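The values are calculated or read from the model by the stated rules, or taken from the named source; none is laboratory data. In this text, all values refer to a predicted model and were calculated from it rather than measured experimentally. For neighbour counting, all protein chains shown are included, and Cβ atoms are generated from backbone atoms with ideal geometry for every residue, glycine included. What goes into the accessible areas is simple: the full protein's heavy atoms, side chains included, and nothing from ligands, DNA or RNA. Shrake-Rupley method; radii C 1.70, N 1.55, O 1.52, S 1.80 Å.
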Amino acid sequence: LPDFKKMNVFIIRHKVLFFVIFLFALIPAYYSQAHTGVYYKMDESLPKTLNSIQANEKLKSTFNMATEHFIVMDGNIDNGTMTKMEDRLKEVAGIEKVYSYHRLLGKGIPDFFVPDKLRNIFKSGSYQLLIVTSDYEVASDNMRTQLKDVQKIVGEYDPAAYITGEGAMTEDLISI
């Protein structure tokens, strides 16, 4: 590393000047920080001409969807319990659909009728996946309330379940 002794001596000798410079820099920095809005929807800052933005707009307009929650939970929960949980999830404000492996099967379709490729999307090892489609936009107050409701319901059936997806990750980002 270079020798900083001369620079240290200079700063110490002119400490009042550097303190004044610091104060002058502090005022605009504080003003900027206090008047800068924070947003967590990254797609708002991207150009609308991007293919991914256009695809999301097409999904929103065609399927009336805003975001999805992905719930990874114990794969050994019985069908009756899953049905109760899914029915409760559907009652949460803003939830459009709940997709799961056992809903896919229905009551009369044996497990071996489902192709492995499709089964592996929803079940793998000792875990299963639920996909919950929401009408709410990411980083909104409605989404925040909805996620709390979903976490409460899912936690009653599987305390070790994970909720992920754009909404949940945005909430993690905000809290961090």
Would you confirm, using the coordinates I've provided, whether TYR31 is open to solvent by 70 Å² or more (accessible area, probe 1.4 Å) and touching a helix residue (DSSP H, G or I) at 6+ places or on another chain (Cβ under 9 Å)? no
If I filter region 72-94 for residues that are modelled with pLDDT under 90, under 21 Å from the mean Cα position of the chain (by Cα) and among the aliphatic types (A, V, I, L, M), do I get at least one hit? no
Near pairs, Cβ below 6 angstrom, 6+ apart or cross-chain, from region 136-155 (farther than 21 Å from LYS41 by Cα) to any residue that is open to solvent by 70 Å² or more (accessible area, probe 1.4 Å): ILE153/ARG88
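What about LEU1, is it over 30 Å from LEU173 (Cβ atoms), open to solvent by 90 Å² or more (accessible area, probe 1.4 Å) and modelled with pLDDT under 85?
Details: over 30 Å from LEU173 (Cβ atoms): yes; open to solvent by 90 Å² or more (accessible area, probe 1.4 Å): yes; modelled with pLDDT under 85: yes.
The answer is yes for LEU1.
Please work out if ILE11 is part of a loop (DSSP other than H, G, I, E, B), surrounded by 11 or more Cβ atoms within 10 Å (Cβ to Cβ) and either modelled with pLDDT under 95 or at negative phi (or both).
Here the answer is no, as ILE11 does not meet what is asked.
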Which of the numbered conditions does MET143 fail, given that it passes all the others? Conditions: (1) at pLDDT 90 or above; (2) under 18 Å from VAL72 (Cα atoms); (3) in contact with a helix residue (DSSP H, G or I) (Cβ under 8 Å, 6 or more places away or on another chain). (2)
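Considering only region 46-165, give the helices (runs of 4 or more DSSP H) lying wholly within it that have at least 3 residues that are on the phi < 0 side of the Ramachandran plot and open to solvent by 30 Å² or more (accessible area, probe 1.4 Å).
Details: elements: 51-63, 79-90, 101-105, 116-122, 141-157.
Answer list for region 46-165: 51-63, 79-90, 116-122, 141-157.
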